[in-house]
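First the structure, in the form of structure tokens, and then the observations on it.
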Amino acid sequence: MNSLRYLGHSCFLLHLAGKNILVDPFIRPNPKASGIIDVEALEADFILLTHGHNDHVADAHEISRKNGAPIISNYEVATWFEEKDCQAYGMNHGGRRDFGFGEVRMVNAIHSSNMPDGSYGGNPAGYLIHSGEHVIYFAGDTALTMDMKLIPAYYHRPTLAVLPVGGYFTMDYEDAAIASDMIECNKIVGCHFNTFPPITINCNEAIKYFESKGKELILPEINQIINL
Ligand code: NI
Ligand code: MN
């Protein structure tokens, strides 16, 4: 069964075509997740990183080394992990590659990126993953941007989209509703909310706001599994 498990903040474990793809692991330093998710027990075949900020890469090295899981990211993030003895694929924006579980396409995100040690982290990204009937969009940390209008032009419209909704560092849920129009996807999973004070939202208000637009917003609990 293909599924998406929420591991807190922007971290998800995507189970797709028999592979486990871990996205933006930030578990040990996240007090909301660390007591619930056992990093040692996580099984990953690939690790997908949207940018170099610590709230997206904190556990990537440990999990990559332990599982022999290659890191997929932009060239700069991938090179940083390669120098630390991880296997990595350094892609860049506009590029795509078939990793066996599906095709991964790196798309634009409007944000910033540096590594936990302050070194340059390249440009932040989102990803489109195409596998069978699924087109899954991970927007990464991003502002609302006209580039999102390109998303449904690839493959077909996304079947599920993971968008940041917490505001302050990224778009908020009102902007995410506009984004859902631009990407032509009405099934949205929210992330990047309620981890730190500046990104605290009222979940009921956010869900009702989406409902008022005829859309579905899922704000998962940590460890919640969403079937695809
Ligand atoms: Ni960030
Ligand atoms: Mn972030």
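Condition first: more than 16 Å from ligand 2 (Cβ to nearest atom) and either at positive phi or at pLDDT below 95 (or both). Now tell me which residues in segment 188-221 satisfy that.
Once the filter is applied, which keeps residues that are more than 16 Å from ligand 2 (Cβ to nearest atom) and either at positive phi or at pLDDT below 95 (or both), segment 188-221 yields only 214.
On the given criteria, is residue 5 among the basic types (Lys, Arg) and outside any loop (DSSP other than H, G, I, E, B)?
Yes; evaluated as a whole, the condition is true for this residue.
Can you spot a residue in segment 55-73 that is within 19 Å of residue 111 (Cα to Cα) and away from ligand 2 (no atom under 16 Å from the Cβ)?
Within segment 55-73, one or more residues are within 19 Å of residue 111 (Cα to Cα) and away from ligand 2 (no atom under 16 Å from the Cβ).
Is segment 167-186 home to any residue that is in contact with a strand residue (DSSP E or B) (Cβ under 6 Å, 6 or more places away or on another chain) and within 17 Å of residue 6 (Cα to Cα)?
No, because not a single residue in segment 167-186 is in contact with a strand residue (DSSP E or B) (Cβ under 6 Å, 6 or more places away or on another chain) and within 17 Å of residue 6 (Cα to Cα).
Could you list all residues from segment 100-122 that are in contact with a strand residue (DSSP E or B) (Cβ under 6 Å, 6 or more places away or on another chain) and in a loop (DSSP other than H, G, I, E, B)?
101, 102, 109, 121, 122 - these are the residues of segment 100-122 that are in contact with a strand residue (DSSP E or B) (Cβ under 6 Å, 6 or more places away or on another chain) and in a loop (DSSP other than H, G, I, E, B).
Which one is farthest from ligand 1 (Cβ to nearest atom), of the residues in segment 156-171 that are surrounded by fewer than 22 Cβ atoms within 10 Å (Cβ to Cβ), under 17 Å from the mean Cα position of the chain (by Cα) and over 12 Å from residue 135 (Cβ atoms)?
Step by step, filter segment 156-171, then rank; the result is 167.
One residue is enough: does segment 106-123 have a residue meeting the conditions of a type in the set (Asp, Glu) and surrounded by 16 or more Cβ atoms within 10 Å (Cβ to Cβ)?
no
Can you tell me how many residues within segment 14-73 are more than 16 Å from ligand 1 (Cβ to nearest atom), touching a residue at least 40 places away in the same chain (Cβ under 8 Å), in a loop (DSSP other than H, G, I, E, B) and under 19 Å from residue 226 (Cα atoms)?
4
The values are calculated or read from the model by the stated rules, or taken from the named source; none is laboratory data. Values in this document were obtained by computation on a predicted structure and should not be read as measured data. Note: ideal-geometry Cβ built from the backbone for every residue, glycine included; neighbour counts use all protein chains shown.
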